[in-house]
Amino acid sequence: MTRKNKTKPRPRIDGAPPPPPPFRAVYDDLYRAWGPQHWWPGRTRFEIIVGAILTQNTAWTNVEKAIRRLRIERALNPKSLHRADLRTLAEWIRPAGYYNVKAKRLRAFTGMLFGRFDGKLSRLFALDTPTLRDTLLSVNGIGPETADSIILYAAHRPRFVIDTYTRRVLVRHGWIDRRAGYDDIAEQFMRAIPEDTSLYNEFHALIVRLGKEHCRARPHCEACPLKAYLPKGGPHLR
Ligand code: SF4
């Protein structure tokens, strides 16, 4: 994607709504700084789904440990995971934290898969995207971020994933109100960026890197690729 104008948001004095956040330019700057991230969170579609559920409220390194254990136990497929004893399953995924809750969430997902789609991901993913999203959201413990991660990474469809890093960057630059809802933010991205699965994947991966390297709890703006977009007076921290 080629950047034409780097537009920085600035308050309007004529009462008109502020210009939309410069998502395309931000993407270009991050991509220019770091290039492709080669991010694909799992070897199979089912592993990606398991990872999306396990990563709630924990670091990815912990998820990798839990996934490794599931692989050793040969439980990284819908049938084995659905049949596993719940307490045993919780023990296997212990490194991911909140393991009792997450074991129930994994089981809720496989319950939906076997209850409605004969245990087959191909049938689940045959749904159109809005129906697929509603179906995922109907599973206990799957919220918008997890559902969109599954749609983007496992179903390979263009849904933008909004995580804590994304929200933090947007708030700090004054591009969204800190009370903005998930769907509102996702719609803003999807209006600004052409629907393209690879692009959404890459953009999300770049934002995650941004959050880890620069936009931490205490921001490191000095060497950040988005420094030029900071509002006058610095990032909005409160
Ligand atoms: S410039 Fe500062 S506030 Fe903006 S993304 Fe970078 S670290 Fe975060």
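Bear in mind that the values in this text are calculations on the coordinates, not laboratory data. The shown structure was predicted, so the numbers you read here are calculated from the model rather than taken from an experiment. Neighbour counts run over all protein chains shown; Cβ positions are idealised from the backbone, glycine included.
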Highest-fluctuation residue, PHE114, PHE160, PHE23 considered, GNM on the chain with Cα pairs under 10 Å: PHE114
Using only Cα atoms, find the angle between the long axis of helix 45-54 and the longest principal axis of the chain, and express it within 0 to 90 degrees, rounded to the nearest 10. 70 degrees
Could you rank the peptides 127-135, 166-174, 56-64 by their average count of other C-beta atoms within 10 Å per residue, with the highest value first? 166-174, 56-64, 127-135
Would you mind ranking ASP28, ASP184 by Cβ crowding within 10 Å, fewest neighbours first? ASP184, ASP28
Would you calculate a helix-derived [θ] at 222 nm for the chain, using -39,500 (n - 2.57) for each DSSP H run of n ≥ 4 and dividing by the full residue count, to the nearest 500? -15500 deg cm²/dmol
Relative to the chain, whose Cα atoms define the longest principal axis, helix 60-72 and its Cα axis are tilted in degrees, nearest 10, by 20 degrees
Excluding GLY141 itself, what net charge comes from residues whose Cβ is under 13 Å from its Cβ, given Lys and Arg +1 and Asp and Glu -1? +3
